[in-house]
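See below for the structure under consideration.
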Amino acid sequence: MPQQPQTSPAIPGKKTVRVPRVVNGLETMVEVEVDDVTGPGWGRNDQHTLLNHRLARVDGPVKVSGVAQYTHDVRLLNMLYGRLLRCPHAHARLTKFDSAAAARLDGVKAVIQAPMSEFRFSGSPVAAVAATTPELAEDAARAIVVEYEVLPHVVSAREAVKSDAPGVLTRNPKKPEENNLRAKDKRGDAAKVAAALATAAAVVEAEYLTPRIHHACLETHGMVVDYSGGDSATIYATTQGTFTIPADAADELGLPQSAVTATVQHMGGGFGSKFGIGVEGMLACRLAKEAKAPVKLMLTRHDEFVMTGNRSGSWQKIKAGVKEDGTLVALHATQYRLGGVGQGSQAAQPYSVYRAVDSYREVYALHTNEDSSIAMRAPGHPQASFAMESLLDELAHAIGMDPIALRKKNMPDEVYHRQLNRGAREIGWEKRNAVPSLGFGPLRRGMGCAAGIWGGGGNNQCKVEVTVSRDGSVLVAVGTQDLGTGTRTFTRAIVAEELGLQIRDVVEQIGSSKLGSANPSGGSTTAASLAPSLKDAAVKARLALAKTIAPLLGNSAPEEIVFSRGKLMAAGKAISWKQGCSALPAAGLTAHGEWREDLQGHGVHGVCFAEVEVDVETGKVRPIKMVQVQDGGLPLNRLTMESQINGGMIQSLGMAFWEGRVMDDRLGIQLNPGFGDYKLPGALEMPELVPIIDDEDKREVVIGIAEACIIPATGALANAVFNACGVRIRELPITPDKVLMGLLA
Amino acid sequence: MPYENDSEKDQAHPKHALNRRKFLSRVAVAGAGAALADHLSGLESVAASPIIDDFEKPIKGRITIALDVNDQKRPLTVEPRTTLLNALRNHLEPAVTGPKLVCDVGTCGACTVLMDGKPVYSCLILAVDATTKKLTSVEGLGIPERLNSVQQAFIDHDALMCGFCTPGFVTTISAYLKKNAKPTMDEIREACKGNFCRCGTYPRVFEAALAVARLPAVR
Amino acid sequence: MKEFEWIQATTLADAVIALASAPDANDIDEAARPLAGGQDLLTTMKEYVTRPSRVVNLKSIPGLDRIEEDNNGGLRIGCLVTLSQLEEHSVARRKFPGLIEAAHSIATQQIRNLGTVGGNLCQRPRCWYFRLEEVSCLKKGGSECFAATGENKYHAILGGGPCHIVHPSDLAPMLLALGASVSVDGASGKRIIPLDLFFTLPASGNIRRENVLENAEVITHIQVPISKFAHRSTYLKFKERDSLDFAMASVAGAIALGIEKEVTEARLVLGGVAPIPWRVPKAESFLIGKRITKEILATAAKIALEEAQPLAKNAYKISLTQTLVRRALAKVSGLSG
């Protein structure tokens, strides 16, 4: 390489910083090494020219016109269509597998048997086929002859918890007494808690249940494996982690990792479910390898429901008490994580927004013959929040205290107090009836509130490259992915703002494992990981360009040259951006950005207020209005941040009133594996939604907020239902049948 | 059961004899399969040569049809069971992939296209049943360089996130605003109720639609 | 979807022949099927619940997509009239408000733009056991109704057993209340069937079917007579999810009032609660001669549901449906509240 003096200055040294990492809902601090280069920070949140403004997303035009290419839209020459065969039994052993008839069918190019013979949930993939059209692939999958020895199963939590229930997993030899209920966590002093509860002014003991919630990504899982033999492959993946694809795909294809490129330009929803190649990706790779042709294997909607994971259900038995002034005195929780064959996830009680003087908890994984739960947007938090917020409301009701006042009493973090005041003002809390179910006629209004907490810090994985060409064009490249959160847009905006340009002056290149590394988008870590690297690269590019043009601006120091509105200015002189860039060498300049801990932060607070109307003669709940106040440091883009808050409220609304997997106990199958019976909220379900960015948060750091947004609304809505009609529903979703039976009871 | 006293009856059903014979000959000639022909010939004698009559040929297996998509006649090969959505995405070359396959049973709206100007779920119509219709997908409403007013409003109001439901919403709303240029919020919601979004863009979809309705009429 | 043979019929006679001459099916759900809007048929075919070897398109038959007024002021609705077309029909809007409400309550505009009146009456049940290919239930030739002791929140509280489906049509209860009949054409000729004889209970009819139609029979027209109560008709549908859902319960009600505002005629049909649209003659006759008051409504609602036998998870439907009965009758009688 010829010497390029314009590239980033030599790294003077490294330093170690501690950063938060959120794994399965649990935040832990880890030490990472970062470059010891500290440039200027973001500056005050209210003094940005692009950031913290309302920026139209840059991929808008291709998305609204159908031009954006999702994995589902990829069509390659000679591409085959893959299709899976699933096991219909909750627990079975394969006794016969004959694919001869399927392989003989017209257009069928490959048939692969899944590498296991015992299936522990209905929906387990048994085989995969590839054929020349989707129709033929469907025929082929159905032409495979399979026979099973059906084994005992259990899918109901209430059955699974029994010691003589059919065993879902093989017993742990170290704890042979454990069947489906496996101890995971136990802490606190139960006796002390019991003693404390005896002193409480009021005690509530209740069970809260949340069902399995499906991610319901509109684009199903799957990939297109572009491999026809030979020594390299490209994987088109619908993924939250571009870099989570190549290693596993290479392994399946028998290629070196460096020979496999993963690409994701646009993706239709992930919500925590799309990391790695998955079993469908493994099978797609094997099909391509066998057929020596590109294979597209996108799951059907039914596949998606029964085999790609879900938010784990929860069964939480909680007993807690308060003093007369509303102070929590103690809490005792027994919590079952309902993760099917998996471990499940659950934020432990007491939910960490609140403090309890004494607490005791036992946490178990309760296994059933269902697919493994996986991370879903704020794993564990909505479940824990719903239970805790319902419980607090019950306690407030028991002692006749305002629910906001009771919450404040137990919230050590003052930020929540400020947010509760704001939310209360927006929803009109003063109009709320203190006594539930007040009113005339069948329609009763009620209000509720709740709070959420999330980490949202970043980590040191993003390597950004900013290239400024001699014609003034700017390219920012990093292998990250945009899940619809707006990553492309802030990627451009950070670079453009630093260089005094407009969004349109910068082009981003993302979504390829051949670009600079980036972290997978999980735990709301993308913004806080990527934005600092972008800023770092942009600062370095600015300084490098400034150094080049300093002679044109009175030999000013690079740091003194101002980049603003397409002009470069210093010493009373100004040149245009293009003029400045024309001074660059032929190769232009390239700056490499690294993560800087000081540019990101963590700790997100949010509160939600909800108003609902209950028809007490039908049990129908109509959401009227929802307000969510959310902080998050420096808002990179107010428009997309508000959209995130809306999205969190709406998904939480779905969890409150409509969503939930329904299983048949005897058959061991899911009864609602489609959008007719698994009911997502639609246009007519929408209340007035008020997303509020908490600008009182003056932290000049970037923090991810996506997960935080989904946490509090479910509890707020459940509390609003109680306030409206006096019925406390402790098992989600809160459907008309439950409300009506509650009213009749 | 009461029978209808209708003079048509005798014309249409002289025990079906004539029609049945004509029909059977067509079925056999159309090569609907040996088993089928055997079965039919057991019922009626099959004429040796085709009889030209008013029956359409029975179709089985792969056939070539033409679809009128976004003002272009597009030939393609499908099977009778190929849905219009599948035909657009996987059988047309080059493909029309704006309409998305999401639920495949008419419960999400992502595959919405306009058929003679009216929104329909393209997953719930067979391609062979759409050959006489004028079809418009989101690609036919506007391109990135020349967006229609609904598409532009979607961007301005951030009425999209992952974007997978967006083509369906844009198509539905574009058609609706032609029918009702000045809708109320409630009318917009009603018009959108057959389109579902997982990211949670609804409020801004409504905003975008209302913003278009507030624009001065074009020409 | 299983491969099938596609025939575009151009006359009704052709369609009937094409259906009747299809190869013998091993199973009733493999018999040739007529296709109108396809909004239900195609879903059952994708789910392999219906696996026809032959599909006969009716939409290529001219003349069946019209709504005509008969000599007495009633309507004759062609089987291919779409639900959107019905909704927008000015005469129907004026004379049969309940029918318009019923049509409008169905699914979404996308579905109503293709879905037909004939197809709506012939749609298959939404029972999730029935709709899942891997479940062999009574309705599919199996030996058991899994809803009887399983997840039966959405199932029947009236007329159920041994199969516990509810009929999914929204038009059916309203058309039945209006005294409609269907014209049917088939291999053995044409017949007119009053709607109250059209739908069949699992216990007394063919459990594999929901109506009296033979395999090679199609509905060609629906006759809706004019009546004294047609203009005082309403359809109230309760959905768990308003945007897109079938009825958890619904009520089609119609009354005629005399000079003293007393009820002279009444029709009350419940939907979403029984395997057929469930008419409640006892509640109807209770109303005759009475002026509608809140007390009368309450009693009528009680009578309408007095035979209900809920399953483990659907007792709520009794109270819910009673509410709908009261509200429907209040609405058609002009009583507010």
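The values are calculated or read from the model by the stated rules, or taken from the named source; none is laboratory data. Predicted model, so just to flag it, every value in this text is computed and none were measured. Please note: Cβ atoms are built from the backbone with ideal geometry, for glycine as well, and neighbour counts cover all protein chains shown. We work out accessible area using only protein heavy atoms, side chains counted, and drop any ligands, DNA or RNA first. Shrake-Rupley method; radii C 1.70, N 1.55, O 1.52, S 1.80 Å.
Condition test on A:Glu688, is it more than 10 Å from every other protein chain (Cβ to nearest Cβ), in contact (Cβ under 8 Å) with a residue 60 or more places away in the chain and open to solvent by 10 Å² or more (accessible area, probe 1.4 Å)? No, not satisfied.
Among the residues of the stretch A:239-253, the one identified as open to solvent by 10 Å² or more (accessible area, probe 1.4 Å) and polar (S, T, N, Q) is A:Thr244.
State the number of residues belonging to the stretch B:117-159 that are under 17 Å from B:Leu88 (Cα atoms), open to solvent by 10 Å² or more (accessible area, probe 1.4 Å), assigned to a loop (DSSP other than H, G, I, E, B) and within 11 Å of chain A (Cβ to nearest Cβ). So the count comes out to 1.
Only one of the numbered conditions (1) more than 14 Å from chain B (Cβ to nearest Cβ); (2) surrounded by fewer than 21 Cβ atoms within 10 Å (Cβ to Cβ) is not met by C:Glu133, and that is (1).
Scanning for something more than 19 Å from the chain's Cα centre (by Cα), part of a helix (DSSP H, G or I), within 27 Å of B:Ile155 (Cβ to Cβ) and within 14 Å of chain B (Cβ to nearest Cβ), does the stretch A:528-538 turn up at least one residue? Looking for residues that are more than 19 Å from the chain's Cα centre (by Cα), part of a helix (DSSP H, G or I), within 27 Å of B:Ile155 (Cβ to Cβ) and within 14 Å of chain B (Cβ to nearest Cβ), one finds none in the stretch A:528-538, hence no. Please indicate, with yes or no, whether at least one residue in the stretch C:302-325 is in a strand (DSSP E or B) and either surrounded by fewer than 21 Cβ atoms within 10 Å (Cβ to Cβ) or within 14 Å of chain A (Cβ to nearest Cβ) (or both). The answer is no; no qualifying residue exists.
Sort through A:Ala202, A:Ala157, A:Ala195, A:Ala191 and tell me the only one that's away from chain B (no Cβ under 14 Å), closer than 30 Å to A:Leu391 by Cβ and touching a helix residue (DSSP H, G or I) at 6+ places or on another chain (Cβ under 6 Å).
Numbers: A:Ala157 fails: touching a helix residue (DSSP H, G or I) at 6+ places or on another chain (Cβ under 6 Å); A:Ala195 fails: touching a helix residue (DSSP H, G or I) at 6+ places or on another chain (Cβ under 6 Å); A:Ala191 fails: touching a helix residue (DSSP H, G or I) at 6+ places or on another chain (Cβ under 6 Å).
None of the other options fit; the residue is A:Ala202.
Take the residues of the stretch B:160-184 that are farther than 23 Å from A:Val264 by Cβ and open to solvent by less than 10 Å² (accessible area, probe 1.4 Å): which is farthest from the other protein chains (Cβ to nearest Cβ)? Here the residue is B:Ile173. Among the residues of the stretch C:170-229, which ones are hydrophobic (A, V, I, L, M, F, W, C), open to solvent by less than 10 Å² (accessible area, probe 1.4 Å), in contact (Cβ under 8 Å) with a residue 40 or more places away in the chain and at the interface with another protein chain (Cβ under 10 Å from one of its Cβ atoms)? C:Phe198 - this is the single residue of the stretch C:170-229 that is hydrophobic (A, V, I, L, M, F, W, C), open to solvent by less than 10 Å² (accessible area, probe 1.4 Å), in contact (Cβ under 8 Å) with a residue 40 or more places away in the chain and at the interface with another protein chain (Cβ under 10 Å from one of its Cβ atoms). Please work out which residue is farthest from the other protein chains (Cβ to nearest Cβ), limiting yourself to the stretch C:23-37 and to residues that are assigned to a loop (DSSP other than H, G, I, E, B) and surrounded by fewer than 24 Cβ atoms within 10 Å (Cβ to Cβ). Among those that are assigned to a loop (DSSP other than H, G, I, E, B) and surrounded by fewer than 24 Cβ atoms within 10 Å (Cβ to Cβ), it is C:Asp27.
Counting only strands (runs of 3 or more DSSP E) that sit completely within the stretch A:545-593, those holding 2 or more residues that are loosely packed, with under 14 Cβ neighbours inside 10 Å correspond to A:573-576.
Note on the stretch A:420-436: residues that are buried (at least 16 other Cβ atoms within 10 Å of the Cβ) and of a type in the set (S, T, N, Q) amount to 0. In the stretch C:5-22, of all residues being among the β-branched types (Val, Ile, Thr) and open to solvent by 10 Å² or more (accessible area, probe 1.4 Å), the one that is farthest from the other protein chains (Cβ to nearest Cβ) corresponds to C:Thr11. None of A:Thr618, A:Thr640 is of a type outside the set (Gly, Ala, Ser), within 14 Å of chain B (Cβ to nearest Cβ) and not in a strand (DSSP E or B) except A:Thr640. Take the stretch A:421-478 and flag every residue that is over 23 Å from the mean Cα position of the chain (by Cα) and charged (D, E, K, R). Of everything in the stretch A:421-478, those that are over 23 Å from the mean Cα position of the chain (by Cα) and charged (D, E, K, R) turn out to be A:Arg422, A:Arg425, A:Glu426, A:Glu430, A:Lys431, A:Arg432, A:Arg444, A:Arg445, A:Glu465, A:Arg470, A:Asp471. Number of residues in the stretch A:106-148 that are within 32 Å of the chain's Cα centre (by Cα), buried (at least 19 other Cβ atoms within 10 Å of the Cβ) and part of a loop (DSSP other than H, G, I, E, B): the value is 6. Within the stretch C:53-67, is there a residue that is at the interface with chain B (Cβ under 10 Å from one of its Cβ atoms) and either more than 25 Å from B:Thr83 (Cα to Cα) or of a type in the set (Phe, Trp, Tyr) (or both)? Among the residues of the stretch C:53-67, not one is at the interface with chain B (Cβ under 10 Å from one of its Cβ atoms) and either more than 25 Å from B:Thr83 (Cα to Cα) or of a type in the set (Phe, Trp, Tyr) (or both), which makes the answer no.
Let's see how each residue does on (1) farther than 30 Å from A:Gly648 by Cα; (2) without any contact (Cβ under 8 Å) to a residue 60 or more places away in the chain; (3) part of a loop (DSSP other than H, G, I, E, B):
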position: A:Ala196; (1), (2), (3): yes, no, no
position: A:Val225; (1), (2), (3): yes, no, no
position: A:Ser228; (1), (2), (3): yes, no, yes
position: A:Asp231; (1), (2), (3): yes, yes, yes
position: A:Thr239; (1), (2), (3): no, no, yes
position: A:Ala247; (1), (2), (3): yes, yes, no
position: A:Thr261; (1), (2), (3): yes, no, no
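Just name the residue that is nearest to the other protein chains (Cβ to nearest Cβ) out of those in the stretch A:256-271 that are of a type in the set (A, V, I, L, M) and touching a Phe, Trp or Tyr at 6+ places or on another chain (Cβ under 8 Å). Checking each candidate, the answer is A:Met267. In this structure, does C:Lys2 turn out to be facing chain B (nearest Cβ under 7 Å) and open to solvent by 10 Å² or more (accessible area, probe 1.4 Å)? When the stated conditions are applied, C:Lys2 does not pass them.
Table: residues versus (1) part of a strand (DSSP E or B); (2) open to solvent by 10 Å² or more (accessible area, probe 1.4 Å).
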| residue | (1), (2) |
| --- | --- |
| A:Gly606 | yes, no |
| A:Arg622 | yes, yes |
| A:Met626 | yes, no |
| A:Gly648 | no, no |
| A:Leu667 | no, yes |
| A:Asn672 | no, no |
| A:Asp677 | no, yes |
| A:Pro681 | no, no |
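Being β-branched (Val, Ile, Thr) and either within 14 Å of chain C (Cβ to nearest Cβ) or more than 21 Å from A:Gly484 (Cα to Cα) (or both) is the requirement here; does B:Thr201 meet it?
no
Can you find even one residue in the stretch A:387-403 that is over 18 Å from A:Val204 (Cα atoms), open to solvent by less than 10 Å² (accessible area, probe 1.4 Å) and not acidic (Asp, Glu)?
Let us first name the residues in the stretch A:387-403 that are over 18 Å from A:Val204 (Cα atoms), namely none.
No; the residues of the stretch A:387-403 include none that is over 18 Å from A:Val204 (Cα atoms), open to solvent by less than 10 Å² (accessible area, probe 1.4 Å) and not acidic (Asp, Glu).
The single residue among A:Gly439, A:Gly456 that is part of a loop (DSSP other than H, G, I, E, B), under 30 Å from A:Leu501 (Cβ atoms) and either out of contact with any Lys or Arg (no Cβ under 8 Å at 6 or more places or on another chain) or open to solvent by less than 50 Å² (accessible area, probe 1.4 Å) (or both) turns out to be A:Gly456.
Name the single residue, out of those in the stretch C:237-266 being more than 10 Å from chain A (Cβ to nearest Cβ) and more than 15 Å from C:Lys290 (Cβ to Cβ), that is surrounded by the fewest Cβ atoms within 10 Å (Cβ to Cβ).
We begin by selecting, within the stretch C:237-266, every residue more than 10 Å from chain A (Cβ to nearest Cβ); these are C:237, C:247, C:250-266.
Within this subset, residues satisfying the condition of being more than 15 Å from C:Lys290 (Cβ to Cβ) are C:237, C:247, C:250-252, C:254.
Details: C:Lys237: 24, C:Ala247: 28, C:Ser250: 28, C:Val251: 33, C:Ala252: 31, C:Ala254: 30.
My answer is C:Lys237.
Scan the stretch A:62-73 for residues that are facing chain B (nearest Cβ under 9 Å) and open to solvent by less than 40 Å² (accessible area, probe 1.4 Å) and the total you get is 8.
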